[in-house]
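Input: a single structure, listed below in structure tokens.
The values are calculated or read from the model by the stated rules, or taken from the named source; none is laboratory data. Nothing here was measured: the structure is a model prediction, and the numbers come from that model. Heads up, the Cβs are rebuilt from the backbone with ideal geometry, glycines too, and the neighbour counts pull from every protein chain shown.
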């Protein structure tokens, strides 16, 4: 790989008026409009419903994650109401902002052509394209990572201490969304340590300013942990997959790798890995060294933990930004030297585009439920209709679920958006365990919704003198089964006083 791909030689005014610049603006505007339309075409996924519940209980942090996603959803629903559009509006806006940062930063590093290609690659990468309409922690996390990369590069080449302060604030903002963003501090440390020109900055007022700004930015999380007994420590330990001791399971690592091939697309992921390997051979190029320092730590971290238990495919998502730039630079230079390889680049982009198009509407594939990648965003309207029918039949005044998914989706999709609960749990097990528990009185008529077909749980049986299986159904989407649920009814009234029930269809 050549170590000296050209940067743009245009003046700022010429850059602004360049054709790729205008093309990028038009492309981002079109994608944004499409995503705003598409965002309302699919149901929420359970994580979005869960974060929406958080936004109804605004706090400095939450058991599973930082508070930023809940704050963003609260703003969206304040503007547009407690609707799918309200929840997802800022997901689309922030994703478009990420696209712009990717284009502008790549343009700063290289040139217009590479920047525009990188933007197109990102737009057809499956996990980015589909994830851009979902209001999850990844949306602000990836934007923060990309923005911090840009600020860090600027700080390296401009002697302005304020940039280091802003760098700490932006990394901290990402940390408020996803703790993974804290790894970017390691990325910065690695680059400064290896770079002879910047090594002395590792122990300078720049780093002090960076660290102070980061601490200031994450102060809500620190304060919240003081208040709750450092719940995040146990939560992170549970998510790491390490129980009593670390074990090596190669199959778990292979599962993690397979997940990356699936969500990034096989040829894109392969191209990214090849680009990373080649970049290691050209570390004298400061740009390649910089991009590597932003990609390697995240994938190394989750690859290591996946030796024990496979990580989720979205966990290293922020590293896709530097990875896409590395891959685009490698492809451009390689295709220039070996024109016959351009077909491979076009094939990789075609495969990713087809995967992305398919992922936007899987109904026509008629996949089995467990193999449908959009399964988590299907069937919730029908699910809520069954729960509401049971509420009406039993005059239920308490709704309990076995999992945050069912509890969150009941709360969002039922007409009155009621408060829902989980069965009593040890403190700190889920966010529900940090909120007030339900109280059972002689007048309580409860529905318990579960995906388990086992008998009613002992906690439910102990709380109510009368428990019966009220419904067993599959939620449907477009007439096809999605997932099975069981509803139990519990009360402390004599069976003769149980409200009259209309027969089920």
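What to note about this one:
- The residues in the stretch 124-153 that are touching a residue at least 24 places away in the same chain (Cβ under 8 Å) and more than 16 Å from the chain's Cα centre (by Cα) can be counted, and the count is 7.
- Annotation note: of 275, 251, 319, 279, the sole residue that is over 23 Å from residue 192 (Cα atoms), at pLDDT 90 or above and assigned to a helix (DSSP H, G or I) is 251.
- Candidate set: the stretch 443-455, residues that are surrounded by fewer than 19 Cβ atoms within 10 Å (Cβ to Cβ) and under 33 Å from the mean Cα position of the chain (by Cα); chosen: the one farthest from residue 406 (Cα to Cα): 454
For (1) modelled with pLDDT under 95; (2) in the same structural domain as residue 125 (by TED's automatic domain parsing); (3) crowded, with 17+ Cβ neighbours inside 10 Å; (4) over 30 Å from residue 169 (Cα atoms), each residue gets a yes or a no:
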residue: 22; (1), (2), (3), (4): yes, yes, no, yes
residue: 28; (1), (2), (3), (4): no, yes, yes, no
residue: 37; (1), (2), (3), (4): no, yes, no, yes
residue: 47; (1), (2), (3), (4): no, yes, yes, no
residue: 50; (1), (2), (3), (4): no, yes, yes, no
residue: 63; (1), (2), (3), (4): yes, yes, yes, no
residue: 86; (1), (2), (3), (4): no, yes, yes, no
residue: 90; (1), (2), (3), (4): no, yes, yes, no
residue: 98; (1), (2), (3), (4): no, yes, yes, no
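- The one condition in (1) outside any loop (DSSP other than H, G, I, E, B); (2) over 26 Å from residue 362 (Cα atoms); (3) touching a helix residue (DSSP H, G or I) at 6+ places or on another chain (Cβ under 6 Å) that residue 432 fails to fulfil: (3)
- Remark: pairs (first residue in the stretch 183-208, in the same structural domain as residue 145 (by TED's automatic domain parsing) and within 13 Å of residue 164 (Cα to Cα); second residue part of a loop (DSSP other than H, G, I, E, B) and modelled with pLDDT under 95; Cβ separation under 9 Å; 6+ apart in sequence or on different chains) = 201/195.
- The one condition in (1) surrounded by fewer than 24 Cβ atoms within 10 Å (Cβ to Cβ); (2) more than 22 Å from residue 168 (Cα to Cα) that residue 107 fails to fulfil: (1)
- Filtered residues of the stretch 413-426 (kept if more than 14 Å from residue 57 (Cα to Cα) and either free of Cβ contacts under 8 Å to residues at least 24 places away in the same chain or not in a loop (DSSP other than H, G, I, E, B) (or both)): 413, 416, 422, 425, 426
- Residue 310 vs. criteria in contact (Cβ under 8 Å) with a residue 40 or more places away in the chain and either part of a helix (DSSP H, G or I) or within 23 Å of the chain's Cα centre (by Cα) (or both): yes
- Residue within the stretch 295-305 that is at pLDDT below 95 and either crowded, with 18+ Cβ neighbours inside 10 Å or in a loop (DSSP other than H, G, I, E, B) (or both) present: yes
- Unique residue being without any contact (Cβ under 8 Å) to a residue 60 or more places away in the chain and closer than 25 Å to residue 475 by Cβ when the list is 34, 80, 89, 85: 85
- Counted residues, the stretch 354-395 - those being under 28 Å from residue 424 (Cα atoms), surrounded by 16 or more Cβ atoms within 10 Å (Cβ to Cβ) and touching a helix residue (DSSP H, G or I) at 6+ places or on another chain (Cβ under 7 Å): 5
- Looking at 370, 340, just one residue is outside the structural domain of residue 123 (by TED's automatic domain parsing) and assigned to a helix (DSSP H, G or I), and that residue is 370.
- Any hit, the stretch 108-123, residues being more than 20 Å from residue 46 (Cα to Cα), assigned to a helix (DSSP H, G or I) and within 18 Å of the chain's Cα centre (by Cα): yes
- Residue match in the stretch 101-123 (condition: assigned by TED's automatic domain parsing to the domain that holds residue 227 and on the phi > 0 side of the Ramachandran plot): no
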